[in-house]
1. Does Gly60 qualify as being free of Cβ contacts under 8 Å to residues at least 60 places away in the same chain, small (Gly, Ala, Ser) and within 11 Å of the ligand (Cβ to nearest atom)?
2. Out of Asp33, Asp138, Asp122, Asp39, I need the residue that is modelled with pLDDT under 95 and among the acidic types (Asp, Glu). Which one?
3. If you check Ile45 against the conditions, is it away from the ligand (no atom under 15 Å from the Cβ), under 13 Å from the mean Cα position of the chain (by Cα) and open to solvent by less than 70 Å² (accessible area, probe 1.4 Å)?
4. I'd like the full set of residues that are over 24 Å from Lys114 (Cβ atoms), of a type in the set (Asp, Glu) and crowded, with 18+ Cβ neighbours inside 10 Å, limited to segment 1-42.
5. Looking at Val86, Val68, Val98, which one is open to solvent by less than 10 Å² (accessible area, probe 1.4 Å), closer than 22 Å to Ala50 by Cα, within 15 Å of the ligand (Cβ to nearest atom) and out of contact with any Leu (no Cβ under 6 Å at 6 or more places or on another chain)?
6. Looking at Glu131, Glu119 in this structure, which one is part of a loop (DSSP other than H, G, I, E, B) and within 25 Å of Gly15 (Cα to Cα)?
7. Could you look through segment 28-38, keep only residues that are in a loop (DSSP other than H, G, I, E, B) and closer than 14 Å to Ile71 by Cβ, and pick out the one that is nearest to the ligand (Cβ to nearest atom)?
8. With open to solvent by 50 Å² or more (accessible area, probe 1.4 Å), more than 13 Å from the ligand (Cβ to nearest atom) and either among the polar types (S, T, N, Q) or under 19 Å from Lys27 (Cβ atoms) (or both) as the only criterion, which of Ser92, Ser112 stands out?
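The values are calculated or read from the model by the stated rules, or taken from the named source; none is laboratory data. These numbers were taken from a predicted model, which means no experiment stands behind them. Every residue, glycine as well, gets a Cβ built from its backbone with ideal geometry; the counts of neighbours run over all protein chains shown. All accessible areas refer to the heavy atoms of the entire protein, side chains included, with ligands and DNA or RNA removed. Shrake-Rupley method; radii C 1.70, N 1.55, O 1.52, S 1.80 Å.
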Amino acid sequence: MSYDNENIFAKIIRGEFGCIKVYEDEKTIAFMDIMPQADGHTLVIAKESAETLPELSDDGAAACIQTVKKIINAVKIAMNVPAATVLQLNGSEAGQTVPHIHFHVIPGSILSAKSHAREMADQEVLKGFAEKIIAALD
Ligand code: 5GP
């Protein structure tokens with residue numbers, strides 16, 4: 001399947017569309033999900049142009065997992081929860097709505113989380129969570 005360069009996460013990577021960023025390195029970016037399933041729901045994306053995990057290079061996958069590990073630790077501290085869920089959807093038939101590889105880090109249990117990509121959150125509230133996550137990353 002060909003990669004869609006106009007998907008929203010590709011635009012975020014190119015700086016054409018904004019996000020509430022909590023972390024960035026050479027190969028990944030982490031930012032707040034605008035329709036969070038729980039307070040502190042953070043997305044980790046690869047900077048590489050890949051739609052699903054099998055299409056991502058091993059190097060890109062390793063970089064994503066390293067960032068996911070950092071974000072899990074940070075959201076547990078920032079949101080004061082004992083656990084976090086990692087969710088990663090491959091293909092629209094699996095429920096993937098943005099065709100660019102990403103990992104969801106959802107504080108707490110998926111069993112008590114809200115529906116997927118359903119309800120927009122207040123941007124100021126998200127910024128508050130982002131500040132706490134950034135502080136917990138330091
Ligand atoms: P997927 O369904 O592809 O696994 O997840 C895509 C996620 O991206 C959803 O949780 C959705 O809320 C989030 N999302 C969709 N559009 C945007 C956007 O423009 N900015 C941010 N920060 N998140 C988005």
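1. Working: free of Cβ contacts under 8 Å to residues at least 60 places away in the same chain: yes; small (Gly, Ala, Ser): yes; within 11 Å of the ligand (Cβ to nearest atom): no.
Judged against the criteria, Gly60 is not a match.
2. On the way: Asp33 fails: modelled with pLDDT under 95; Asp122 fails: modelled with pLDDT under 95; Asp39 fails: modelled with pLDDT under 95.
Exactly one of Asp33, Asp138, Asp122, Asp39 is modelled with pLDDT under 95 and among the acidic types (Asp, Glu), namely Asp138.
3. Values: away from the ligand (no atom under 15 Å from the Cβ): no; under 13 Å from the mean Cα position of the chain (by Cα): yes; open to solvent by less than 70 Å² (accessible area, probe 1.4 Å): yes.
Considered against the rule, which asks whether it is away from the ligand (no atom under 15 Å from the Cβ), under 13 Å from the mean Cα position of the chain (by Cα) and open to solvent by less than 70 Å² (accessible area, probe 1.4 Å), Ile45 comes out as no.
4. We begin by selecting, within segment 1-42, every residue over 24 Å from Lys114 (Cβ atoms); these are 1-6, 10-11, 13-16, 24-28.
Then keep just the ones that are of a type in the set (Asp, Glu); that gives 4, 6, 16, 24-26.
None; the set is empty.
5. On the way: Val86 fails: open to solvent by less than 10 Å² (accessible area, probe 1.4 Å); Val98 fails: open to solvent by less than 10 Å² (accessible area, probe 1.4 Å).
Unique residue meeting the criteria: Val68.
6. Numbers: Glu131 fails: part of a loop (DSSP other than H, G, I, E, B).
From the options Glu131, Glu119, the qualifying one is Glu119.
7. Keep residues of segment 28-38 that are in a loop (DSSP other than H, G, I, E, B), which gives 33-38.
The next check asks that each one be closer than 14 Å to Ile71 by Cβ; those that pass are 33, 36, 38.
Numbers: Asp33: 5, Pro36: 7, Ala38: 11 Å.
Here the answer is Asp33.
8. Values: Ser92 fails: more than 13 Å from the ligand (Cβ to nearest atom).
It is Ser112.
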